[in-house]
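Report on the structure given below.
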Amino acid sequence: MGRSFIVRVGKKGEIYTSKKLRQETGIRPNTLARARVEDGKLVIEPLPTLEELLEDTWITLTPEEAERASEKEQRKWTPRTPR
């Protein structure tokens with residue numbers, strides 16, 4: 001089992017964490033976190049931002065490859081006119 005922290009719970013159920021706890025868990029201001037119940041315990045974990053999710057998805061294309069891929073996608077979505 002990991003480290004333990006004491007947190008304050010506000011009148012409306014808000015959970016106030018310490019800076020140290022947020023740093024250790026990666027919870028940052030103005031981001032989302034997932035909360036779930038596991039064996040009767042509250043587990044809160046940070047959700048990655050869109051930028052973090054996209055960070056590792058970059059690919060390298062030549063301009064020609066990019067153009068071919070773009071044309072292929074455009075053909076998929078361009079309505080065909082009847083003859």
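Brief remarks on what is shown
- Test: residue in the stretch 20-27 that is loosely packed, with under 10 Cβ neighbours inside 10 Å and out of contact with any strand residue (DSSP E or B) (no Cβ under 7 Å at 6 or more places or on another chain): no
- Selected residue (criterion: nearest to R3 (Cα to Cα)) from residues of the stretch 29-76 that are assigned to a loop (DSSP other than H, G, I, E, B) and either in contact with a strand residue (DSSP E or B) (Cβ under 7 Å, 6 or more places away or on another chain) or of a type in the set (D, E) (or both): D39
- Condition check for L50: at pLDDT 90 or above and of a type in the set (A, V, I, L, M, F, W, C): no
- Contacts under 8 angstrom Cβ, first residue in the stretch 3-14 being free of Cβ contacts under 8 Å to residues at least 60 places away in the same chain, partner in a strand (DSSP E or B), 6 or more apart: V7/I15; V7/Y16; R8/I15; R8/Y16; V9/I15; V9/Y16; G10/Y16
- Residue list for the stretch 24-53, restricted to those being of a type in the set (D, E, K, R) and on the phi > 0 side of the Ramachandran plot: D39
The values are calculated or read from the model by the stated rules, or taken from the named source; none is laboratory data. Predicted model, so just to flag it, every value in this text is computed and none were measured. Counting neighbours? That spans all protein chains shown, and the Cβs are built from the backbone with ideal geometry, glycine included.
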